[in-house]
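Shown next, in structure tokens, is the structure this report addresses.
A short reminder: the numbers here are calculations on the coordinates, not readings from a lab. For clarity, every value in this text was computed on a predicted model and none was experimentally measured. We place every Cβ from the backbone using ideal geometry, glycine too, and count neighbours over all the protein chains shown.
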Amino acid sequence: RRLGVDVTVVELEPVPLTRSVGDDAAAVLADIARADGVHLLCGRAVAELRGTTTVESVVLDDGTELPCDAVVVGVGAVPATEWLAGSGLEVTRAGLICDATGRAGDHVWGVGDVCAWTDDAGTPHRHEHWTSAAEQAKVVAHNLACDDKRTVTAATYVWSDQFGRRIDIVGDITGHDDLRVLSRNPDDLAYLYARDGLLTGACLIGQPRLMVRCRQWIAARTPVADLELWVSSAP
Ligand SMILES: Cc1cc2nc3c(=O)[nH]c(=O)nc-3n(C[C@H](O)[C@H](O)[C@H](O)COP(=O)(O)OP(=O)(O)OC[C@H]3O[C@@H](n4cnc5c(N)ncnc54)[C@H](O)[C@@H]3O)c2cc1C
């Protein structure tokens, strides 16, 4: 959009980014994109790209044909683990399964995008973020060097910049039983997710400084009871 070109986003889900930021924040971000002139086509899949020497149009699953000059494909990634077949290591669609210390098997450890580290509840998760790859690497290096069983305690964290707004996603925003929405102004939103009375995750729009506090609160398994007070007193 900054180049002045027309942009159409084709998205399978009803709203883009719901998996990453949660339903409510995703709706806000979709409105921000629309306000900046992005045409969102949701609940639609791409069926075909047409063209001769270069792409000329995108055909959707309902037959709609969108003329275009260029296509950017962003549809996710699949762990490349074929080379581990027959190794005896546990490899699923989630990736290389590791325990909470990064151990995948005897004398084998895994870090980064290709691995699914097991959480406290016994569920393996793949975190495709720079910060996760770095935190996991530090923990594995420590466990190898010190024959220890350290786990990652820092809350996962990823950021993005969209239409001049900083978006921070901290911790786990799935499986919550409580959601607090705090807003100091329309450009400044905090979605705080909690489970069993404890803060588990947050999606912050335009509040980078609150991100640091949220990471600390989540890692410290902070009760959500006084959250609004803490947030309003944050710098
Ligand atoms: C377009 C894009 C934007 C992103 N933006 C962000 C962002 O804003 N913030 C964020 O936190 N994260 C972002 N990420 C995710 C981030 O890049 C990854 O989480 C991070 O790079 C993972 O580090 P890694 O070391 O696990 O894997 P990688 O960085 O992918 O490194 C893996 C390396 O292993 C090599 N390799 C693969 N198979 C083999 C093999 N069999 N033998 C030897 N080498 C092999 C690969 O060539 C590669 O060099 C983005 C990713 C993409 C693609």
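Observations, loosely collected:
- Total formal charge among the other residues, if their Cβ is under 9 angstrom from that of A155, Lys/Arg +1 and Asp/Glu -1: 0
- Charged-residue dipole, Cβ positions (Lys, Arg, Asp, Glu), the stretch 85-174 about Cα centre, Debye nearest 20: 160 debye
- Computed per residue of the chain from DSSP H runs no shorter than four, each worth -39500 (n - 2.57), the mean residue ellipticity at 222 nm is -6500 deg cm²/dmol.
- Positive-end residue of G76, W117, A30, charge dipole of the chain with Cβ unit charges: W117
- Prolate/oblate/rounded call for the chain, Cα gyration tensor, a/c under 1.5 rounded: oblate
- Label zone (L12, point 7 Å along Cα-to-C-beta; backbone nitrogen cut-off 11 Å) within the stretch 29-51: 44-46.
- Charge sum, other residues only, whose C-beta stays under 9 Å from P208's C-beta, Lys/Arg counted +1 and Asp/Glu -1: +1
- Taking the average, over residues, of other Cβ atoms within 10 Å as the packing measure, peptides 136-149, 108-121, 67-80, 196-209 rank 196-209, 108-121, 136-149, 67-80 from highest down.
- Total charge dipole magnitude, the stretch 91-235, about the Cα centre, Cβ charges on Lys, Arg, Asp, Glu only, Debye to nearest 20: 260 debye
- The stretch 8-67 - charge dipole about Cα centre, Lys and Arg +1 at Cβ, Asp and Glu -1, debye rounded to 20: 100 debye
- Eigenvalues of the alpha-carbon gyration tensor of the stretch 82-146, scaled by 5 and square-rooted, set the equivalent ellipsoid semi-axes at 17, 14, 11 angstrom, largest first.
- The calculated pair-distance distribution of the stretch 8-67 uses every alpha carbon pair, bins of 10 angstrom beginning at 0, and gives 22, 43, 28, 7, 0 percent.
- Extreme residue, positive dipole direction of the stretch 157-233, given options T174, N185, G197 (C-beta unit charges): N185
- Over all pairs of different C-alpha atoms, the stretch 157-233 has a mean inverse distance whose reciprocal, the Kirkwood radius, equals 12.2 Å.
- Computed over the stretch 124-235, relative contact order equals 20 percent, with contacts defined as Cα pairs under 8 Å that lie 6+ residues apart.
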